[in-house]
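Novice: Pasting a structure below so you can have a look.
The values are calculated or read from the model by the stated rules, or taken from the named source; none is laboratory data. Computed from a predicted structure; not experimentally measured. Cβ coordinates were reconstructed from backbone atoms using ideal geometry, including for glycine residues, and neighbour counts include every protein chain displayed. For accessibility, only protein heavy atoms count, side chains too; no ligands or nucleic acids. Shrake-Rupley method; radii C 1.70, N 1.55, O 1.52, S 1.80 Å.
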Amino acid sequence: MARNKIALVGAGQIGGTLAHLIGLKELGDVVLFDIADGIPQGKSLDLAESSPVEGFDAAMSGTQTYEGIAGADVVIVTAGVPRKPGMSRDDLLGINLKVMESVGKGIAAHAPDAFVICITNPLDAMVWALQKFSGLPAHKVVGMAGVLDSSRFRYFLAEEFGVSVEDVTAFVLGGHGDTMVPLARYSTVAGIPLPDLVKMGWTTQDKLDRIIQRTRDGGAEIVGLLKTGSAFYAPASSAIAMAESYLKDKKRVLPCAAHLSGQYGLTDMYVGVPIVIGAGGVEKVIEIDLQGEEKAGFDKSVGSVTGLMDACKAIKPELA
Ligand code: APR
């Protein structure tokens, strides 16, 4: 059986890390695409030269034309400009919307059967625009945010409780931004929900609130430290979990920016919700019960994503 082909549109920090992980996990052959001359070619050659040492068989190539991504099974999009210190994800909107238009058209022309994962920020608005520009079915286009936000939440919780990250599950829903909604009630240590752990005295509500805020600010914390770019290791790992679930039909339940058509009372928008990813793409959108503050937080987050979509529509009226 032929190997899977995975196209990475954007060969920057995240794109290079994605290629490395795909090689190490032998998920398929990689094509790195970028407008920057020499970058996709140089990174793919460097990665290919690591393969004999690492012991993986995967073709790595670089291209600057969309023909190179032809027939890809999965396309992961990181093309665009990352956040700089002091810049919000929303500041990126105008620049990255234009990038989504060219990427969407390139995917439509050369890889229309692919499962597409978008990482470019501001995520929920960009994946929505990418789906429209590409014309691909909505269940084949998803955004990576919730896996990353939940992973950050899990890491901070594991640190607080002094337990393995493997035994912490967490759910972060809503838009990928300052209004994201980490859900304590649906987050657990070995199945014990966080509110119960507070009652048991293992942590305090105050500490939990601080962890939730740190999760919301997780992207900005890394930007503040790096100063010249944004996070790339954890975002790449998160997108790979989604790609792997599709390619291996694992049917993992992952929080992702997914297209909604009535679920949660919303239509024609992308926002972070739990979904099942399998060989059919987004096979199910799971509607969980949100109560009180959770519902208010989710509604607020939806409002901020809608604002970004409106800003996109003002720039590109054909998206309306
Ligand atoms: N087509 C293809 N590639 C493009 C285009 C385009 N129209 N415009 C920019 N690029 C490329 C850049 O040349 C660069 O190599 O996208 C790459 C982005 O890489 P980095 O700047 O290193 O950014 P990275 O850290 O990988 O983040 C990528 O993810 O977190 C989000 O908002 C962030 O949009 C950013 C994206």
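Novice: Mind checking which strands (runs of 3 or more DSSP E) fall wholly inside the stretch 58-147 and carry at least 1 residues that are farther than 25 Å from Gly307 by Cβ and touching a residue at least 60 places away in the same chain (Cβ under 8 Å)?
Specialist: 74-77, 115-118
Novice: Kindly list, by first and then second residue, each pair from a residue in the stretch 197-219 that is surrounded by fewer than 16 Cβ atoms within 10 Å (Cβ to Cβ) to a residue that is of a type in the set (Asp, Glu) and in a loop (DSSP other than H, G, I, E, B), limited to pairs with Cβ atoms under 9 Å and residues at least 6 apart or on different chains.
Specialist: Going by the 9 Å Cβ cut-off, the qualifying pairs are Asp217/Asp178.
Novice: Now for a different question. I'd like the full set of residues that are open to solvent by 50 Å² or more (accessible area, probe 1.4 Å) and either of a type in the set (S, T, N, Q) or not assigned by the TED database to the domain that holds Cys118 (or both), limited to the stretch 27-59.
Specialist: Residue satisfying the conditions is Gln41 alone.
Novice: Still on this structure, please answer the following. If you take the residues of the stretch 94-110 that are charged (D, E, K, R) and near the ligand (Cβ under 10 Å from one of its atoms), which of them is modelled with the lowest pLDDT?
Specialist: Lys98
Novice: Residue by residue through the stretch 223-236, note down the ones that are within 13 Å of the ligand (Cβ to nearest atom), surrounded by fewer than 24 Cβ atoms within 10 Å (Cβ to Cβ) and not in a loop (DSSP other than H, G, I, E, B).
Specialist: Within the stretch 223-236, Val223, Leu226, Tyr233, Ala234 qualify.
Novice: Go over the candidates Pro85, Pro122 one by one and state the one that is more than 17 Å from the chain's Cα centre (by Cα), modelled with pLDDT under 95 and assigned by the TED database to the domain that holds Ile22.
Specialist: Pro85
Novice: Could you check the stretch 291-308 and list, in sequence order, the residues that are farther than 14 Å from Val172 by Cα and crowded, with 19+ Cβ neighbours inside 10 Å?
Specialist: Result: Ser304, Val305, Leu308.
Novice: What residue, among those in the stretch 155-180 that are of a type in the set (Val, Ile, Thr) and open to solvent by less than 10 Å² (accessible area, probe 1.4 Å), is farthest from the chain's Cα centre (by Cα)?
Specialist: Initial filter on the stretch 155-180 (of a type in the set (Val, Ile, Thr)): 163, 165, 168-169, 172, 179.
Within this subset, residues satisfying the condition of being open to solvent by less than 10 Å² (accessible area, probe 1.4 Å) are 168, 172.
Numbers: Val168: 20, Val172: 12 Å.
My answer is Val168.
Let's see how each residue does on (1) in contact with a Ser or Thr (Cβ under 7 Å, 6 or more places away or on another chain); (2) at negative phi; (3) more than 11 Å from the ligand (Cβ to nearest atom):
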site	(1), (2), (3)
Val53	no, yes, yes
Thr63	no, yes, no
Tyr66	no, yes, no
Ile76	no, yes, no
Gly80	yes, no, no
Leu92	no, yes, no
Pro112	no, yes, yes
Trp128	no, yes, yes
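Novice: Right, something else. Take the stretch 1-26 and flag every residue that is modelled with pLDDT of 95 or more, at negative phi and open to solvent by 10 Å² or more (accessible area, probe 1.4 Å). Lay out the reasoning, then the answer.
Specialist: Taking the stretch 1-26 as the starting set, the residues that turn out to be modelled with pLDDT of 95 or more are 3-26.
Pick out the ones that are also at negative phi and you get 3-9, 11-25.
Within the stretch 1-26, Arg3, Asn4, Lys5, Gly12, Gln13, Ile14, Gly16, Thr17, His20, Leu21, Leu24, Lys25 qualify.
Novice: Tally the residues that are open to solvent by 50 Å² or more (accessible area, probe 1.4 Å) and either in a strand (DSSP E or B) or touching a residue at least 40 places away in the same chain (Cβ under 8 Å) (or both), restricting the search to the stretch 253-290.
Specialist: 6
Novice: Within the stretch 114-126, which residues are within 13 Å of the ligand (Cβ to nearest atom) and open to solvent by less than 30 Å² (accessible area, probe 1.4 Å)?
Specialist: Within the stretch 114-126, Ile117, Cys118, Ile119, Thr120, Pro122, Leu123, Asp124, Ala125, Met126 qualify.
Novice: Which is within 16 Å of the ligand (Cβ to nearest atom), out of contact with any strand residue (DSSP E or B) (no Cβ under 8 Å at 6 or more places or on another chain) and not hydroxyl-bearing (Ser, Thr, Tyr), of Ala7, Ala36?
Specialist: After applying the criteria, what remains is Ala36.
Novice: Residue check: is Asp113 of a type in the set (Asp, Glu), over 18 Å from the mean Cα position of the chain (by Cα), closer than 22 Å to Leu260 by Cα and modelled with pLDDT of 95 or more?
Specialist: Spelling it out, Asp113 is indeed of a type in the set (Asp, Glu), over 18 Å from the mean Cα position of the chain (by Cα), closer than 22 Å to Leu260 by Cα and modelled with pLDDT of 95 or more.
Novice: For the condition β-branched (Val, Ile, Thr) and in a loop (DSSP other than H, G, I, E, B), what is the one hit in Thr179, Thr169, Thr188, Thr215?
Specialist: After ruling out the rest, the residue left standing is Thr179.
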